[in-house]
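J.: One structure follows; several queries about it will come next.
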Number of protein chains: 2
Amino acid sequence: MRELLIILLLIISSPDMNAEPASGKHPVAIAIHGGAGTIIKDNMSAEKEAAIRAKLEQALMAGHKVLINGGDALDAVTIAITTLEDSPLFNAGKGAVYTYDGSNEMDASIMDGGNLNAGAVAGVSRIKNPILAARAVMDQSPHVLLSGSGAEAFSASVGLKLVEPAYFQTEFRRQQWENSHKPATAAIQSATDKWFSTVGAVALDQGGDLAAGTSTGGMLNKRWGRVGDSPIIGAGTYADSRTCAISATGHGEFFIRAAVAHDICSRARYLKIPLTEAAEAVIHKDLVGMGASGGVITLDPSGNIGLVFNTPGMYRASIDTRGKATIKIYRP
Amino acid sequence: MRELLIILLLIISSPDMNAEPASGKHPVAIAIHGGAGTIIKDNMSAEKEAAIRAKLEQALMAGHKVLINGGDALDAVTIAITTLEDSPLFNAGKGAVYTYDGSNEMDASIMDGGNLNAGAVAGVSRIKNPILAARAVMDQSPHVLLSGSGAEAFSASVGLKLVEPAYFQTEFRRQQWENSHKPATAAIQSATDKWFSTVGAVALDQGGDLAAGTSTGGMLNKRWGRVGDSPIIGAGTYADSRTCAISATGHGEFFIRAAVAHDICSRARYLKIPLTEAAEAVIHKDLVGMGASGGVITLDPSGNIGLVFNTPGMYRASIDTRGKATIKIYRP
């Protein structure tokens, strides 16, 4: 009898190694993005495309592994975003765009749909992984949003890794910034301005909880302590396990004014329409009407995934509730 | 014929000096708040109450005068909030609460419901009127939210008045801060912590446009560059001339997580319920359920005013579309 009990306990506690969780557990799903923008196949080298696909796959699988092992959606989102921040290929963490003054100022936020807890940081220049700082603000402070050097002091006080500002700098981003300051290459600046390679993730765990997170270096040549939508709960990120997990990427000022993440969630909740339909209305109608470019990834409580954008491309990857993985860059 | 035309033009362009605008113009309305919290008659001197009522009346009348003269809701909101910022009686501009480190860090935001334009500043310590900085960010920058010293540099560049940090300091707030650092008076700290004397205004102009704005010194003893809900579009402030103008005051972290201003607006818009009913659901049900204190002032496109709070009191004043003025402090 005791042996039977131990075997039963082992079965209950053993991690699920398949995408299909055991009966009684909620099917899991995850989606990530590496930014939307003027991403056109003609402008992309085969090597860069392969590198981006490989990194998206790595982040996706890291998050999915957390979920199939019974971990929290919040942890899946955190590890997926950390992976993308650590890569110089995306405008978040290492590889962030340069500000007008030639520094890197990063923003990030995370939200737990189970209890509407949230954390965010804005304008940080020394925290290796801004998404971990956002998570620490949520878990270990009474606040939701910390900014600038104060956010860095808090992060240091809870043991997060701080680095020299030079850690974030890459030759690609430095060139982009230098070119943008040459009048003769205004056309290049214009093209790069429309490229928002913010990163983000949404996940649904076996407990049925949703989480969302977003991390970015913001907009090339931003000035005056500009804060975009990524650290704004309701604009760049929102999660509520009853309805939605959303992470956005795009022209942040418009995403704040339209409260994009919360508006998509509200339409699904109050109009009782599918979350993807709500996302399509906001991204393709409202934002296009305002002249704003960008996109969102969305996940509903049943695990339905939305990858919606009004730009030529969006780096995106997902694994649905049946375990089907997709990685895409361009518009279909 | 030419004389008749001139007379007609004079009639059309003459300012309306009554609360009831001429036929064809939209009836105007305005509401302001000076914060919600543990405001109890027994703890208030007759002199302080009279001073607060007089200042609320002054701000209210200044805003209303703009509206009846045919000015924009945005200008009415701006002048009402500027008046309250200039008074040491409220936690905004002069008289802001102290941070943990003994400084004053202010936040403000403003939104134009006619075009969803918005501007905000966070963590500023030298701009005499933070609401004017928020307005300048909206009108004169490509951004929505600027923070810290960058926001101050921008404000200086557009000619706004900067002052020494000492300008904002008052003896009352210094005492409050000092007392909060004495262990023996933890009870006092607890009481003052529940007092959110953020200021805000909502207005409806003769063109039928709505606007909203909010300004604050934030939370006593805030640290690490903490940013509350006041400068967050969708949390502390939202305006959309189709549905709502909202300004909030309360425990900012909860107001961000619940996206209070945008959620109230969304419920009215998508559930097609009165805006005040939406505000009551969010303030009395959702926020109470989260353990959060505070309130909102709301104004709908027809000029219906809501003054909704779950605290013992809220400094509030309004003039409705029929010209009826009210100034109140305690719960009815």
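J.: Amide H to amide H under 5 Å from A:GLY313: which residues, 5+ apart in sequence or cross-chain, H placed 1.01 Å off N in plane?
T.: The answer is A:GLY37, A:ILE39.
J.: Among B:LEU84, A:LEU74, A:LEU162, which comes first, then next, by fewest other beta-carbon atoms within 10 Å?
T.: By the 10 Å Cβ count, ascending: A:LEU162, A:LEU74, B:LEU84.
J.: List the distances, in nm to one decimal, from the label point of A:TYR100 to the label points of the same position in every other copy, shortest first, placing each label point 7 Å from Cα along the Cα-to-Cβ direction.
T.: Inter-copy label distances (nm, one decimal, shortest first): 3.2.
J.: Let me know the whole percent of all Cα-Cα pairs from region A:132-263 that are separated by more than 19 Å.
T.: 60
J.: Right, here's the next one. Taking every eigenvalue of the Cα gyration tensor of region B:103-156, multiplying by 5 and rooting it, what semi-axes result, largest first, whole Å?
T.: Rounded to whole Å, the semi-axes are 19, 10, 8.
J.: Between copies, how close do the B:GLU49 label points come, placed 7 Å along Cα→Cβ, listed in nm from shortest?
T.: In nanometres, ordered from closest: 7.4.
J.: I'd like the distance separating the alpha-carbon centroids of region B:239-280 and region A:139-180, in whole Å.
T.: Answer, in whole Å: 33.
J.: Just tell me how shielded A:219-230 is by partners: mean number of partner chain Cβ atoms within 10 Å of each residue's Cβ, no decimals.
T.: Taking all residues of A:219-230 together, the mean is 6.
J.: Could I ask something else about it? Considering the protein assembly as shown, what Rg and Dmax in Å follow from its alpha-carbon atoms?
T.: 25.1, 107
J.: I've got another one for you. Which lysines have a Cα lying under 16 Å from the Cα of A:LYS65, excluding residues fewer than 8 positions away in the same chain?
T.: Cα-Cα hits under 16 Å: A:LYS25, A:LYS55, A:LYS324.
J.: Another question about this same structure. Rounded to whole Hz and in sequence order, give me ³J(HN,Hα) for region A:143-152 from the Karplus expression 6.51 cos²θ - 1.76 cosθ + 1.60, θ = phi - 60°, writing x for Gly and Pro.
T.: After applying 6.51 cos²θ - 1.76 cosθ + 1.60, I find 9, 10, 10, 10, 10, x, 5, x, 4, 5 Hz.
J.: Then there is this: When the helices in chain B are scored as -39500 (n - 2.57) per DSSP H run of 4 or longer and the sum is shared across all residues, what 222 nm value do you end up with, to the nearest 500 deg cm²/dmol?
T.: Rounded to the nearest 500, it is -10500 deg cm²/dmol.
J.: For region A:41-53, in order, what is each residue's ³J(HN,Hα) by Karplus, 6.51 cos²θ - 1.76 cosθ + 1.60 with θ = phi - 60°, in whole Hz (x at glycine and Pro)?
T.: So the Karplus estimates, Gly and Pro as x, are 4, 4, 9, 10, 6, 4, 5, 5, 4, 5, 5, 5, 4 Hz.
J.: What share of all Cα pairs of chain B, in percent, falls into each consecutive 20 Å distance bin?
T.: In whole percents, the pair-distance histogram is 35, 56, 8, 1, 0.
J.: Provide the per-residue ³J(HN,Hα) series for region B:93-107, in order, calculated from phi with Karplus coefficients 6.51, -1.76, 1.60 and θ = phi - 60°, each as a whole number of Hz, with x at glycine and proline positions.
T.: x, 4, x, 4, 5, 8, 6, 3, 8, x, 9, 10, 10, 10, 10
J.: OK, next. In peptide A:231-238, what is the residue-averaged number of other protein chain Cβ atoms found within 10 Å of each Cβ?
T.: 6
J.: Something else now. Nearest 5 percent is fine: what portion of the DSSP beta bridges confined to region B:151-297 is antiparallel?
T.: Counting only bridges with both partners in region B:151-297, antiparallel ones make up about 95 percent.
J.: For A:ALA211, which sequence-distant residues (separation of 5 or more, or a different chain) have an amide H within less than 5 Å of its own amide H, given hydrogens modelled in the peptide plane?
T.: Long-range HN contacts for A:ALA211: A:GLY113, A:ALA203.
J.: Another question about this same structure. Hey, what angle do you get for helix A:171-180 against the long axis of chain A, alpha-carbon based, 0 to 90 degrees rounded to 10?
T.: Helix A:171-180 sits at roughly 40 degrees to that axis.
J.: Inter-copy label distances at A:ILE273, 7 Å along the Cα→beta-carbon direction, one decimal in nm, shortest first?
T.: 2.0
J.: Here's something else I'd like to know. How big is the C-alpha Rg of region A:214-332 next to the rule-of-thumb value 2.2 N^0.38 Å, as a ratio?
T.: 1.03
J.: Hey, another quick one. Amide H to amide H, which residues 5 or more places from B:SER197 or on other chains are under 5 Å from it, using H placed in the peptide plane?
T.: B:ASN91
J.: Treat the count of other C-beta atoms within 10 Å as a stand-in for reagent exposure and order B:GLU178, B:GLU253, A:GLU47, A:GLU85 from fewest to most.
T.: Arranged by neighbour count, lowest to highest, B:GLU178, B:GLU253, A:GLU47, A:GLU85 become A:GLU47, B:GLU178, B:GLU253, A:GLU85.
J.: Under a straight-distance cross-link criterion of Cα-Cα below 16 Å, which lysines are reachable from A:LYS272, leaving out those fewer than 8 residues away in the same chain?
T.: Within reach: B:LYS272.
J.: If each residue's Cβ is checked for other Cβ atoms within 10 Å, how do B:LYS65, A:LYS55 rank with the fewest at the top?
T.: In order of increasing Cβ crowding within 10 Å: B:LYS65, A:LYS55.
J.: Moving on. What is the projected area of the convex hull of the Cα atoms of region B:62-165, averaged over all directions, in nm²?
T.: 6.8
J.: In addition: Take peptides B:323-332, B:134-143, B:118-127, A:293-302 and line them up by average Cβ neighbours within 10 Å, highest first, as a rough protection proxy.
T.: B:118-127, A:293-302, B:134-143, B:323-332
J.: When you look at the Cβ of every residue in B:265-278, what mean number of other chain Cβ atoms sits within 10 Å?
T.: Average neighbour count from other chains, rounded to a whole number: 3.
Since every read-out is calculated from the coordinates, none of them should be taken as a lab result. Computed from a predicted model, the values in this text were never measured in an experiment. We place every Cβ from the backbone using ideal geometry, glycine too, and count neighbours over all the protein chains shown.
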